[in-house]
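Everything below concerns the one structure shown next.
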Amino acid sequence: MQTVGSWFRAAAAGLLGQIVIFSLVHPYNLIGVAEIAVSALIYGLVTVRTKGIEASSALHILNSAIEIFMVGFGFGLITAEQTAGQVLFNLGFKILYLIFAAGKLHWFRDLKKDDAAEFSAEHSK
């Protein structure tokens with residue numbers, strides 16, 4: 001995302017460019033490519049929001065690990081032919097991750113400069 005984004009002046013162009021590239025390197029059927037495009041959008045927005053690739057990389061690693069474990073326990077196959085159920089599971093997982101990350105990272109609240117000092121003083125007891 002950061003490399004592709006550096007090729008363009010507009011952040012949205014970099015986001016769209018990385019969605020296309022990320023989708024093209026995954027050899028799935030049409031349903032799978034659509035899911036990958038949505039995933040790429042989520043990863044890109046997380047990258048923009050956190051100003052780094054660490055959180056989106058963690059999401060990608062968790063998603064891949066869960067899929068591998070699910071296959072290992074007999075809950076499906078890793079295949080290029082994605083089903084609607086697999087896509088819904090993957091997108092649901094990513095949404096839960098985003099809700100968790102947003103809560104932990106306070107993405108949806110404005111922080112004041114005094115909040116950190118107040119938090120530190122309160123929790124240092």
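Listing for the model above:
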read-out: Filter result for Gly103 (without any contact (Cβ under 8 Å) to a residue 60 or more places away in the chain and not in a helix (DSSP H, G or I)); value: no
read-out: Output for region 49-84, where each listed residue is touching an Asp or Glu at 6+ places or on another chain (Cβ under 9 Å) and not polar (S, T, N, Q); value: Gly76, Ile78
read-out: Complete set of residues in region 1-36 that are without any contact (Cβ under 8 Å) to a residue 40 or more places away in the chain, of a type outside the set (S, T, N, Q) and either surrounded by 19 or more Cβ atoms within 10 Å (Cβ to Cβ) or in contact with a His (Cβ under 9 Å, 6 or more places away or on another chain) (or both); value: Gly5, Gly14, Leu15, Ile19, Phe22, Val33, Ile36
read-out: Selection from region 49-84 of residues that are open to solvent by 80 Å² or more (accessible area, probe 1.4 Å), touching a residue at least 40 places away in the same chain (Cβ under 8 Å) and outside any loop (DSSP other than H, G, I, E, B); value: Arg49
read-out: Only listed residue being of a type in the set (Val, Ile, Thr), surrounded by 16 or more Cβ atoms within 10 Å (Cβ to Cβ), touching an Asp or Glu at 6+ places or on another chain (Cβ under 8 Å) and not in a loop (DSSP other than H, G, I, E, B), chosen from Val87, Val46; value: Val87
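The values are calculated or read from the model by the stated rules, or taken from the named source; none is laboratory data. Bear in mind the structure is a predicted one, so any value in this text is a computation, not a measurement. Note: ideal-geometry Cβ built from the backbone for every residue, glycine included; neighbour counts use all protein chains shown. The area values use the complete protein model at the heavy-atom level, side chains included, leaving out ligands, DNA and RNA. Shrake-Rupley method; radii C 1.70, N 1.55, O 1.52, S 1.80 Å.
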